[in-house]
Structure formats: structure tokens, C-alpha cells
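Comments concern the structure below.
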Amino acid sequence: MSLAVAIPLLGPPAVGKSTLAIRLGAADGCAVFRLRAHVPPARLTATGSSAASPGWMDDVTVQAALDGYLDQTARAGAVRCVVFDNFPGTSAQVRLLLARLAVHAIGCVVVPIELSVDPVTLLRRAVQRRVCHRCERDPAHDPRLPAQPSPQNPQRCAQCGGVLHPRRGDAPSLRAARLRRYRREAVGVRDAFGAAGVEVIRCDGSADIAETVAGVSELVATRSARR
Ligand SMILES: [Zn+2]
């Protein structure tokens, strides 16, 4: 099996990208790429999440991470579809992704999905979402993945029982900076995909997650069958 479909998942902070990526990635032959997981820990702590350049990463580091991941995926041959959670984040990263896919996964169809919700829902999701420091051992102590609250005690993790925390980047000052950066970069990201003849599909993420998963899966299936 070779990598045939790449789904870059884009959208503002807290729109629900990781939740959707987890669900899509759970399908047979699917995997999720998260840049942080393929970057040396020292780099992560160096880039940090300062308000000035939240999570900024240089292109050399990004290319090394992508090459390592795509090479490993191609060799293993067990993955047909990769969901790129919150990647690419800049126009340079778009060009990098397309160039590296052309090397490691010839003929791979790229279906970028940009999720959006109304501003009130976006704020509510940012305020409500929680992460678990125990279940997600982030090298920079900045876990990102949505944790499931326990039905008995919503303050605690359903999986390990540990206390849940807000995401560091959801603190109001950081959140505003991340939202500004997203809006600034999103235009270049869409343009860079467009210049390569790849259409970014806008998708409403306000529906129930199961509905969103079904909608996106159908879109991707239609798009990849067209080739
Ligand atoms: Zn936990």
C-alpha cells in the first residue's frame, strides 16, 4: 500500500482540527501527522509558545520532520491516507509539503480542508477544551490533544483520572495572538495551494463531530476518485 491521499487540516485555533484528525485517523489505513511529534524535543522548547511567535518553527526543521515521516510511512507501506493536523501553517510550508509529497508519494492526491465555525462557537470551544498532562507527555510540557472529561467528574480525565487543564495556548493573550497569526497566514496558505492547482475546501465545523467526519470523508472520497 502506498500513500495515496493527503489531507491537510486547516482552521483557526480551537475550531476542532485535532478532534476531527483523531476521528479521521482512526479509519483503516489512515494516520495522523503532527509536526510536534517529529521535531527534536530541544527544538520544541526553543520555539515555545511566546505571544510574539507562538509555535514558530523554521523551514529546515519542518522539512527534516516531513522527510523523516514520509520516508518512514512509505517504507512501512501500511498507510494509504495521512491527515496533517494543523499543517501546513504558512505558504512556505505548503510548497514544502507539496514538494516532499512529490518525492515520497508520487501521484498522491492532496485534499486540504479548512474548518470554520462562528466566532461564538470558536470562543466557547477554546474556553471549554482541556488537555491531560499525564496522557499526553509533551516534551515541552504543552499538551495539545483534546482530553475526554470523565462523566462522573468533568474536571478529571476519563482515561487516567488526572486533573485536566486548559491548553497553554488558550490563555486569552496567547489565543488572540494565535488567531491573528492564523488569519494572517491563511491567505498565503490558500494562495500557495491555489498556485499549485490544489483547491482548499471550506467546511463548516459547527455540526456534531460524527456529522463533520461523515461530511469530510465523503468530500475526500469524491475528490480522490476524480483522479
Ligand atoms: Zn489523562
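Brief remarks on what is shown
- Segment Ala195-Ser173, length gained on full extension (0.36 nm per residue, minus Cα span): 4.5 nm
- Applying 1/(1 + (r/R0)^6) with R0 = 35 Å to the Cβ-Cβ distance of Gln155 and Ala99 gives a FRET efficiency near 0.20.
- Normalised radius of gyration (Cα atoms, divided by 2.2 N^0.38 Å) for the range 170-227: 1.46.
- Take the Cβ atoms of Gln63 and Ala42, set R0 to 22 Å, and the FRET efficiency comes out at 0.80.
- Each peptide in 78-86, 35-43 gets a packing score, the mean of other Cβ atoms within 10 Å over its residues, and the list from highest to lowest is 78-86, 35-43.
- Mean shadow area of the range 85-196 over all directions, Cα convex hull, nm²: 9.1 nm²
- Here the extension length gained between Gln128 and Ala26 equals 34.3 nm, from 0.36 nm per residue of separation less the Cα-Cα distance.
- Fluctuation leader among Val103, Val111, Val120 - the chain, Gaussian network, Cα springs under 10 angstrom: Val120
- The label point for Asp138 and the one for Ile106, both projected 7 Å from the Cα toward the Cβ, are 3.9 nm apart.
- The translational diffusion coefficient of the range 36-155, from Stokes-Einstein at 10 °C and 1.306 mPa s with a Kirkwood hydrodynamic radius over alpha carbon pairs, comes to 94 µm²/s.
- Selection from Ser2, Val200, Ala102, by position along the positive dipole direction of the chain (Cβ): Val200
- Rounded Å value of the spacing that divides the Cα centres of the range 150-227 and the range 14-41: 10 Å
- Using alpha-carbon coordinates, inclination of helix 172-195 to the longest axis of the chain, degrees: 10 degrees
- Looking at the chain alone, DSSP beta bridges between its own residues are antiparallel in about 15 percent of cases.
- Debye intensity ratio I(q)/I(0), log10, the chain, q values 0.07, 0.08, 0.09 Å⁻¹ (C-alpha model): -0.21, -0.28, -0.36
- Cβ-based charge dipole, the chain, positive-most Cα from Ile22, Ala65, Leu123: Leu123
- For the Cα trace of the range 132-210, dividing Rg by the Kirkwood Rh returns an Rg/Rh value of 1.10.
- Helix 59-76 axis versus longest C-alpha principal axis of the chain: approximately 70°, rounded to the nearest ten.
The numbers here are math on the coordinates, done by the rules we state, and not lab data. What you see is a predicted model; the values in this text were computed from it and never measured. For neighbour counting, all protein chains shown are included, and Cβ atoms are generated from backbone atoms with ideal geometry for every residue, glycine included.
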